[in-house]
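This report refers to the structure that appears directly beneath it.
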Amino acid sequence: MTYSAAMSAALSGLNASKRQLDVISSNIANANTEGYGRRSLTLNVRELGGVSIGPVQRASDIRLIGDRRLSDAAQSEAGHLASTLTAIEDLIGEPGDPASLTTAYSNFEGALIEAASRPDLSSRLDAVGRAGSALAEKFNTLSDGVQEIRMEADQSIAREVHRLNAALEQVVELNARIFNFGATGQNIAALMDQRQSVIDSIAELVPIRQVDRDGGRIALYTPTSAILVDGTAAEIGFDPVGLITSDMTLASGALSGLTINGNPISTSGDNAPMAGGKLHALFAARDEIAPKAQAGLDLLARDLVDRFQDPTLDTTLGIGAPGLFTDGGAAFLPTEEEGLAKRLEFNILVDPDEVGESWRIRDGLGAAAPGVVGNSTLVQAISARFSASIASASAASTGTPRSAGGHAADLLTSLASERASREVEFGFHIARFDTIKSAELAGGVDTDHELQKLLVVEQAYAANAKVIQTIDELIDRLMAI
């Protein structure tokens, strides 16, 4: 080998070592960076000696990343559903909580029992009126709270749709840059890292599958075949509202669903185009979970109205007159159950803090004047009716006879059971995500291995430097002859 050939080979080795050092240092520095793909440098032996430097390769397991993204979407959906149910459960309150619905029931029942034992004491009759009014107001507050949860979900959908559209546009832009940079031989690894991070953020909102296209570009689809990116980005549409009431539904057109490029799509069910992920969970919270809770509250409100809007219980009631609990002050009509919890009122005739007179609890809502103060017949009948097992006529009822408090306990039990089920599902998805994430990280940057490679590169660098030093010394000797 000539001196010039040896020098060329050594210089190529030094250059290769320098590039390898750059790649290794980048790997070590980004070992914990989300979306970073481990780099490796391709080296080829030259025909005349030395090495030529090939492109930087970015390592990634697309199948494993795809599974992790699907798991991320499932985890996000389950977690949000569980948190929504927890919020509703906290709103209603646990038994024994002074501000809970069951405590309001207990206070009213206790006031009835005390009034039945001493119907001559106006203070005890007043306590019934105040406890009944507090119970009705509790229903109003709970109904407002449920609609607030729906409103928060609607606003969150708007925010997440905006974020999703922005991310899809970023993927399209990065696709173009990767294609153009790759066509000119430039390093595209950093751009691919950035694109992976953007796609990972999308996966929290919507489950996605990645499909490779030419020139390093990719397409994105949901598992149920909705096209998010394929050349261009899909435009996801959603119109938030300023206020939600119990009668507003997606089916009635009062609330917005999703559109893809202007075409409406289903937002419920496992086969919906965007089923899974946080976005799907937000629609479930707004259109399924919260309305179901509202229907449960309306069932309880109707049960209270029906129990006491009965002329056989209070013979002083006129035809069509409301009982102790009213629909906004009027008699309840069975066709008007939806939203009743918001409209529930304790009869003003017996509310001592309004214009009512509490003696009517003892003598009848329609009584013309106070009766015998020691007569506890009606109060005892009202108390017995409150604790009697009666099946609700509500469409949301299971048909099982319960006391008034029993119906309330059934609602709490149902919510607690569903919440516990969702939390178990959430825990499963967390464990699954962690397992897949660990497997993905295992195929990422191994800092110990990178440090070992660094030692090898240093040795190669030293060897090539020694060759150049030796050639320099030989040339000096030749020049000295």
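The values are calculated or read from the model by the stated rules, or taken from the named source; none is laboratory data. Computed from a predicted model, the values in this text were never measured in an experiment. Methodologically, a virtual Cβ is constructed for each residue, glycine included, from the backbone with ideal geometry; neighbour enumeration extends over all protein chains shown. Accessible surface areas use protein heavy atoms only, side chains included; no ligands, DNA or RNA. Shrake-Rupley method; radii C 1.70, N 1.55, O 1.52, S 1.80 Å.
On the stretch given as the stretch 174-212, residues that are assigned to a loop (DSSP other than H, G, I, E, B) and either in contact with an Asp or Glu (Cβ under 6 Å, 6 or more places away or on another chain) or surrounded by fewer than 20 Cβ atoms within 10 Å (Cβ to Cβ) (or both) total 4.
Test GLY145 against the criterion of being surrounded by fewer than 21 Cβ atoms within 10 Å (Cβ to Cβ) and on the phi > 0 side of the Ramachandran plot, and give yes or no. Here the answer is no, as GLY145 does not meet what is asked.
The condition of being assigned to a loop (DSSP other than H, G, I, E, B), within 37 Å of the chain's Cα centre (by Cα), polar (S, T, N, Q) and surrounded by fewer than 20 Cβ atoms within 10 Å (Cβ to Cβ) does not hold for THR315. Taken together, ALA330, ALA290, ALA251 contain a single residue that is surrounded by 15 or more Cβ atoms within 10 Å (Cβ to Cβ) and small (Gly, Ala, Ser), which is ALA290.
Here GLY215 meets the list (1) open to solvent by 10 Å² or more (accessible area, probe 1.4 Å); (2) of a type in the set (Gly, Ala, Ser); (3) touching an Asp or Glu at 6+ places or on another chain (Cβ under 9 Å) almost entirely, failing just condition (3). Residues in the stretch 415-431 that are buried (at least 17 other Cβ atoms within 10 Å of the Cβ) and over 9 Å from ALA82 (Cβ atoms): 3 in all.
Take ALA10 and decide whether it is surrounded by 17 or more Cβ atoms within 10 Å (Cβ to Cβ), more than 16 Å from ASN187 (Cβ to Cβ) and either in contact with a strand residue (DSSP E or B) (Cβ under 9 Å, 6 or more places away or on another chain) or at pLDDT below 70 (or both).
Values: surrounded by 17 or more Cβ atoms within 10 Å (Cβ to Cβ): yes; more than 16 Å from ASN187 (Cβ to Cβ): yes; either in contact with a strand residue (DSSP E or B) (Cβ under 9 Å, 6 or more places away or on another chain) or at pLDDT below 70 (or both): yes.
Here the answer is yes, as ALA10 does meet what is asked.
Any residue at all in the stretch 105-125 that is outside any helix (DSSP H, G or I) and at positive phi? There is no residue in the stretch 105-125 that is outside any helix (DSSP H, G or I) and at positive phi. Among the residues of the stretch 148-168, those that are open to solvent by less than 40 Å² (accessible area, probe 1.4 Å), farther than 24 Å from ASP247 by Cβ and not small (Gly, Ala, Ser) comprise GLU160, VAL161, LEU164, ASN165, LEU168. Summed over the stretch 266-279, the residues that are open to solvent by 20 Å² or more (accessible area, probe 1.4 Å) and either on the phi > 0 side of the Ramachandran plot or free of Cβ contacts under 8 Å to residues at least 40 places away in the same chain (or both) give a count of 4. Within the stretch 234-256, can one find any residue that is touching a residue at least 60 places away in the same chain (Cβ under 8 Å), in a strand (DSSP E or B) and farther than 22 Å from ARG69 by Cβ? Within the stretch 234-256, one or more residues are touching a residue at least 60 places away in the same chain (Cβ under 8 Å), in a strand (DSSP E or B) and farther than 22 Å from ARG69 by Cβ.
Determine if the stretch 65-78 includes at least one residue that is surrounded by fewer than 16 Cβ atoms within 10 Å (Cβ to Cβ) and either in contact with a Ser or Thr (Cβ under 9 Å, 6 or more places away or on another chain) or at pLDDT 90 or above (or both). Write out each step before concluding.
Within the stretch 65-78, the first condition is being surrounded by fewer than 16 Cβ atoms within 10 Å (Cβ to Cβ), and the residues that meet it are none.
No.
ASP120 falls short on exactly one of the conditions (1) closer than 25 Å to ILE382 by Cα; (2) of a type in the set (Asp, Glu); (3) at pLDDT 95 or above, and that condition is (3).
Could you identify the single residue in LEU142, LEU91, LEU135 that is over 15 Å from GLY296 (Cα atoms) and either among the hydrophobic types (A, V, I, L, M, F, W, C) or in contact (Cβ under 8 Å) with a residue 12 or more places away in the chain (or both)? Explain how you work it out, then say what you get.
Details: LEU142 fails: over 15 Å from GLY296 (Cα atoms); LEU91 fails: over 15 Å from GLY296 (Cα atoms).
After applying the criteria, what remains is LEU135.
Only one of these is open to solvent by less than 60 Å² (accessible area, probe 1.4 Å), in a helix (DSSP H, G or I) and more than 24 Å from VAL206 (Cβ to Cβ): LEU300, LEU282. Name it.
On the way: LEU282 fails: more than 24 Å from VAL206 (Cβ to Cβ).
None of the other options fit; the residue is LEU300.
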